[in-house]
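Here's the structure we're looking at; comments come further down.
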Amino acid sequence: MYLTYIDEQGNSSPAILIDSPDCRQRAVNLPEFVNIPANGLMKIDTPAVDMYAQFDRAVELAEAGQDAAATLEWEKLAASNPDDARIHNNLGAALIRTSTSPCDSRAR
């Protein structure tokens, strides 16, 4: 992706290559297209990035054997992303791991 600034007279600045942009860089062009003072933007909401950070945190908890904590993260994700089958699948797996198995010696 290339970005350039075009002024009111149609003059453009030299194009800048944004090499391999991904969701973490999706705001690279924001300063050029927002008519606000330089200190007017204090935070950019990134719901997709935030969701994937929470998703990764839940996976890490599960991989570390912290199933109860992972289950809580999956439940939060499922509540805010009800149509995401991956989240529901992972929540189901976490719930299975935290439940008492009929073969568990404590259930006898």
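The values are calculated or read from the model by the stated rules, or taken from the named source; none is laboratory data. Model, not experiment: these values are computed from the prediction. Here the Cβ positions follow ideal geometry from the backbone for every residue, glycine too, while neighbour counts run over all protein chains shown.
Some observations on this one:
- Note on the stretch 66-87: residues that are over 19 Å from residue 49 (Cβ atoms) and touching a Phe, Trp or Tyr at 6+ places or on another chain (Cβ under 8 Å) total 0.
- Selection status of residue 36, touching a strand residue (DSSP E or B) at 6+ places or on another chain (Cβ under 9 Å), at pLDDT below 75 and either of a type in the set (S, T, N, Q) or more than 26 Å from residue 74 (Cβ to Cβ) (or both): no
- In the stretch 3-33, the residue that is modelled with the lowest pLDDT out of those that are of a type in the set (Val, Ile, Thr) and assigned to a loop (DSSP other than H, G, I, E, B) is 28.
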